[in-house]
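Here's the structure we're looking at; comments come further down.
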């Protein structure tokens with residue numbers, strides 16, 4: 001038996017949930033790191049459960065921040081992700097399924113990210129920039145609740161991207177200025193870097209695409225182009241969904 005010290009002097013192995021809590025990340029983010037080979041478990045139980053020593057987790061947490069420049073393999077993943085999403089649209093997949101796939105593909109295509117979120121514009125009287133979460137990975141519920149509580153009081157990257165229709169990117173939150181709301185949320189979910197892209201049809205905002213990491217990271221030109229292309233495909237998915245919803249009404253007239 002290996003891992004953190006126990007009563008008999010040996011170290012206790014941590015399961016996936018405890019390991020994720022130790023690292024300060026969501027369990028889905030930990031499993032993604034294992035699938036990529038970035039984090040190798042010390043043991044697997046006969047049932048397939050992962051076990052980690054604290055030494056392994058500390059080594060992973062202290063790894064050098066990745067550059068973010070897409071290598072050949074990562075570029076291939078990004079292109080395959082866009083192609084798969086386009087095929088889903090052609091096959092008539094619903095908006096929720098497309099958004100779920102986009103969230104998974106984004107984290108798989110870009111190394112070093114710990115979270116992504118896709119939200120739709122949900123305007124209401126007195127609140128023209130309200131957002132409704134469509135898909136998310138790696139964001140604790142309390143962070144989403146804190147965003148909802150503070151959104152109308154403080155500025156956030158996601159709402160700013162919707163209002164301005166321009167991407168909001170920070171590569172090192174420790175030295176670059178953060179919006180006041182984003183800074184508040186970073187007390188619950190440490191923000192090292194993020195990129196928020198508007199989902200829009202021309203000059204009409206439809207929603208936002210956000211990805212972030214706990215550690216600073218660079219978003220290369222290739223990665224920014226990928227995020228923009230993903231946002232554009234999501235915009236198409238939103239518009240197709242609106243057309244499908246309107247079709248029964250039109251046919252009944």
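For the reader, a short list of remarks on this structure follows.
- When the test is whether a residue is assigned to a helix (DSSP H, G or I) and under 17 Å from residue 121 (Cβ atoms), residue 143 does not pass it.
- Once region 1-41 is narrowed to residues that are crowded, with 17+ Cβ neighbours inside 10 Å and not in a helix (DSSP H, G or I), the residue that is modelled with the lowest pLDDT is 3.
- Any hit, region 178-189, residues being assigned to a strand (DSSP E or B), under 25 Å from residue 132 (Cβ atoms) and over 17 Å from the mean Cα position of the chain (by Cα): no
- Verdict on residue 137 being buried (at least 21 other Cβ atoms within 10 Å of the Cβ) and either over 17 Å from the mean Cα position of the chain (by Cα) or in contact (Cβ under 8 Å) with a residue 24 or more places away in the chain (or both): no
- Just one of the listed residues (223, 171) is assigned by TED's automatic domain parsing to the domain that holds residue 131 and over 23 Å from residue 89 (Cα atoms), and it is 171.
- If the condition is being surrounded by fewer than 22 Cβ atoms within 10 Å (Cβ to Cβ), in contact with a strand residue (DSSP E or B) (Cβ under 7 Å, 6 or more places away or on another chain) and part of a loop (DSSP other than H, G, I, E, B), then region 113-123 contributes only 122.
- Count of region 59-73 residues which are modelled with pLDDT of 65 or more and surrounded by 12 or more Cβ atoms within 10 Å (Cβ to Cβ): 3
- For the criterion of being part of a helix (DSSP H, G or I), closer than 22 Å to residue 227 by Cβ, touching a helix residue (DSSP H, G or I) at 6+ places or on another chain (Cβ under 7 Å) and modelled with pLDDT of 90 or more, residue 160 fails.
- Region 1-23 residues that are assigned by TED's automatic domain parsing to the domain that holds residue 51 and within 13 Å of residue 40 (Cα to Cα), paired with ones that are modelled with pLDDT under 85 and part of a helix (DSSP H, G or I) (beta carbon under 7 Å, 6 or more apart): 16/27; 16/30; 16/31; 19/30
- Residues in region 150-199 that are over 29 Å from residue 23 (Cβ atoms) and surrounded by 21 or more Cβ atoms within 10 Å (Cβ to Cβ): 162, 198, 199.
- Lone qualifier among 94, 76, 126, 83 - being modelled with pLDDT of 85 or more, surrounded by fewer than 14 Cβ atoms within 10 Å (Cβ to Cβ), out of contact with any helix residue (DSSP H, G or I) (no Cβ under 8 Å at 6 or more places or on another chain) and not assigned by TED's automatic domain parsing to the domain that holds residue 37: 83
The values are calculated or read from the model by the stated rules, or taken from the named source; none is laboratory data. All of these numbers come straight from a predicted model, not from anything done at the bench. Cβ coordinates were reconstructed from backbone atoms using ideal geometry, including for glycine residues, and neighbour counts include every protein chain displayed.
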